[in-house]
Amino acid sequence: MKQQTFSDLEYASRRRQTKRENFLNSMNTIIPWTKWVEMVRPHYPKGDRGRKPREIETMLRMYLLQNWFNLSDEGIEDAFYDSYAIRTFMGIDFLKEQAPDATTLLHFRHLIENNGISKLIFDDVRDRLDKAGLLMHGGTVVDATIVAALSSTKNQSGERDPEMHQTKKGNEWHYGMKIHSGVDAGSGYVHTITATSANEHDITETAKLVREDDAVVYGDSGYLGIEKREDIKSDNNLRQIDFRINKRPSQNKITARYKGANWDKQIENRKSSTRCKVEHPFLIVKRQFGYSKVSYRGIAKNLNRFFMLFASANLVMCVRAGRQKEFCGV
């Protein structure tokens, strides 16, 4: 049992826990730490030379905190000293050890990116949801969201990120990248994500977001005509899917003299009631985790972070649904 410090005794007398503490406690409970540590271990330094490396779980916790609170390497290091909740989540006792510095986190983050560990963690969360019976099959909701990037040229190369592009949505121009997601139509959990530049149309990534056992696919009006695409017609599985795509408002009009029920409008409302589940993970990633603007140059580095963020979003939705017991029992 860990010995309590004076700070622990002082904070134990407070009236209530903060939202940050509740969030970190729930994530600490639901995350399969042993499995995730073993994913990192084959690529982690053995410590045969130089100073002894920090514990893998300590670095993994630090990396997750950086993602959840959208902090820089130096920012998360400072947060250890400012926040009791973060220090408790890390499990660091300053009487025995110091917090990892920003450079150590930088090397660990590069290790995660170079070995695709974020994708393994995303797949592990999805597979655990599936084995726990929380992930349904047969239907997928597809959608895409634009993530802004810095358009400034005040950098070492004097130019914008060549992998980012601009696109027009409505009457506004946006510069950055797109995240395409496939969400389970029954439960709302994300099962697949891909990334492209912002000028790629949403419809181009649909075939990569559909599962083999999907019979129905929902999407907004940006996916109209998807069944006519060559990559859909040439695939025996995809061409048999029932694509339930919302029509544009201009396609659903009736005359003022008609007094009957507008069945077309009701059908579109039913489609939208299922399709809206795809927006919830985007809300968590962009609002709760604060990742509405990319932090790195290049699509690959940002996609690596999005794998971790959407895996965390699935965990957040699982906690809110009260399904921690089923998830942790896998």
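Of the residues making up segment 253-264, at least one is in a helix (DSSP H, G or I), at pLDDT below 95 and not acidic (Asp, Glu). Of the residues contained in segment 157-165, one or more are found to be among the aliphatic types (A, V, I, L, M) and over 30 Å from Val330 (Cβ atoms). Would you check if there is a residue in segment 317-325 being in contact with a Ser or Thr (Cβ under 7 Å, 6 or more places away or on another chain), over 27 Å from Thr206 (Cβ atoms) and assigned to a helix (DSSP H, G or I)? The answer is yes, given that some residue of segment 317-325 is in contact with a Ser or Thr (Cβ under 7 Å, 6 or more places away or on another chain), over 27 Å from Thr206 (Cβ atoms) and assigned to a helix (DSSP H, G or I).
Listed here are the residues, each with its yes/no results for (1) under 22 Å from Ser272 (Cβ atoms); (2) touching a Phe, Trp or Tyr at 6+ places or on another chain (Cβ under 9 Å).
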{"position": "His191", "(1), (2)": "yes, no"}
{"position": "Thr196", "(1), (2)": "no, no"}
{"position": "His201", "(1), (2)": "yes, no"}
{"position": "Glu205", "(1), (2)": "yes, no"}
{"position": "Leu209", "(1), (2)": "yes, no"}
{"position": "Asp213", "(1), (2)": "no, no"}
{"position": "Val217", "(1), (2)": "yes, yes"}
{"position": "Ser234", "(1), (2)": "no, no"}
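Taken together, the residues in segment 196-237 that are part of a loop (DSSP other than H, G, I, E, B), out of contact with any Ser or Thr (no Cβ under 6 Å at 6 or more places or on another chain) and not charged (D, E, K, R) amount to 7.
Within segment 247-257, the presence of a residue that is within 27 Å of the chain's Cα centre (by Cα) and not assigned by TED's automatic domain parsing to the domain that holds Asn70 is excluded.
Residues in segment 112-154 that are part of a helix (DSSP H, G or I) and more than 18 Å from the chain's Cα centre (by Cα): Asn114, Lys131.
Restricting attention to segment 289-314, the residues that are crowded, with 17+ Cβ neighbours inside 10 Å, part of a helix (DSSP H, G or I) and touching a helix residue (DSSP H, G or I) at 6+ places or on another chain (Cβ under 7 Å) total 10. Mind checking which residues of segment 148-206 are without any contact (Cβ under 8 Å) to a residue 12 or more places away in the chain and β-branched (Val, Ile, Thr)? Passing the criteria: Thr153, Thr204. Filtered by the rule that a residue be assigned to a loop (DSSP other than H, G, I, E, B) and closer than 18 Å to Phe327 by Cβ, segment 18-62 gives Ile31, Pro32.
The values are calculated or read from the model by the stated rules, or taken from the named source; none is laboratory data. Everything numeric in this text was worked out from a predicted model, so none of it was measured. We place every Cβ from the backbone using ideal geometry, glycine too, and count neighbours over all the protein chains shown.
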